[in-house]
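What follows is a single structure, written as structure tokens, with notes after it.
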Amino acid sequence: MASGDDSPIFEDDESPPYSLDKMTDLVAVWDVALSDGIHKIEFEHGTTSGKRVVYVDGKEEIRKEWMFKLVGKETFCVGAAKTKATINIDAVSGFAYEYTLEINGKSLKKYMESRSKTTNTWILHLDGEDFRVVLEKDTMDVWCNGRKMETAGEFVDDGTETHFSVGNHDCYIKAVSSGKRKEGIIHTLIVDNREIPEILE
């Protein structure tokens, strides 16, 4: 290709021309585990243009151009339950900024710690597919791959069972008292009569 040629350098590149600009302003990425799945939050902050853009799972939620105030916050919703999220932009020194994410008014770390007390999560591998099952202990709602499941509760001799189906597989979450006040109730997922180990998110 001659130097005087006007053809683009990246002839085979299908990406839009703003993609390079997009990457330079990307300042923070968070993965947030909610009942309906793990959501990726990306934040662009143009410190020269004053631009702020928030993406949730690759979809633009907020775009503000030419903001004179470079510090502040952006609030938006995440996931099926419309969970409130806020990105705080604070000046650290000179032109350095710190970006923190809050979920439901708590720091991401505190939110995930309290969430681990109120939910149980299991990963199932059925029929060549992965399923993420989440139990919300306070409501007994069961989520599977981002969808709230139809459930049926049943009392049994030693506790309760919450029944639901994944494909043509019978599943239930058994709730049994641990007999210890500190541990409370133990929840176990049973699929096709076998126990599934819980994962910690």
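The values are calculated or read from the model by the stated rules, or taken from the named source; none is laboratory data. In this text, all values refer to a predicted model and were calculated from it rather than measured experimentally. Using ideal geometry, Cβ is built from the backbone for each residue, glycine included, and neighbour counts are taken over all protein chains shown. What goes into the accessible areas is simple: the full protein's heavy atoms, side chains included, and nothing from ligands, DNA or RNA. Shrake-Rupley method; radii C 1.70, N 1.55, O 1.52, S 1.80 Å.
Amide H to amide H distances under 5 Å link K137 with T119, N120, where only residues 5 or more positions off or on other chains count and H is placed in the peptide plane. Think of a 1.4 Å ball rolled over the protein heavy atoms: the chain then has 64 Å² of accessible area per residue.
Computed from label points 7 Å out along Cα-Cβ, the spacing between E195 and K69 is 5.5 nm. Ignoring any ligand, DNA or RNA, what whole percent of the accessible area of the chain comes from carbon and sulfur when the probe is 1.4 angstrom? That share works out to 52 percent. Mean sequence separation of contacting Cα pairs (under 8 Å, at least six apart), scaled by the length of the chain, corresponds to a relative contact order of 11 percent. Placing dummy labels 7 Å off each Cα toward the beta-carbon, the span from S93 to S165 is 6.3 nm. With 26 Å as the limit on Cα-Cα distance, the pairs of K51/K110; K110/K174; K84/K148 that go past it are K51/K110; K110/K174. Considering only K180, K109, K64, the Gaussian network model of the chain with Cα springs below 10 Å gives its largest mean-square fluctuation to K180. Gain on full extension, evaluated as 0.36 nm per residue between E60 and E183 minus their Cα-Cα distance, stands at 40.1 nm. A simple rule links phi to the HN-Hα coupling: the Karplus curve 6.51 cos²θ - 1.76 cosθ + 1.60 with θ = phi - 60°, which for segment 101-116 gives 10, 10, 10, 6, x, 10, 4, 3, 4, 5, 4, 5, 5, 6, 5, 5 Hz, with x for Gly and Pro. Estimated from the Cβ-Cβ distance and a Förster radius of 30 angstrom, the FRET efficiency linking D127 and V176 is about 0.55.
Residue by residue, segment 41-54 carries 3J(HN,Hα) couplings of 10, 10, 10, 9, 9, x, 6, 8, 8, x, 6, 10, 9, 10 Hz when phi is fed to the Karplus relation 6.51 cos²θ - 1.76 cosθ + 1.60 (θ = phi - 60°); x denotes Gly or Pro. Once you sort the root eigenvalues of the Cα gyration tensor of segment 83-201 as a ≥ b ≥ c, which label holds: rounded (a/c under 1.5), prolate (a/b larger than b/c) or oblate (the other case)? Taking the square roots of the gyration eigenvalues as a ≥ b ≥ c, segment 83-201 is prolate. This model, with +1 at the C-beta of Lys and Arg and -1 at the C-beta of Asp and Glu, gives segment 47-176 a dipole about its Cα centre of some 980 debye.
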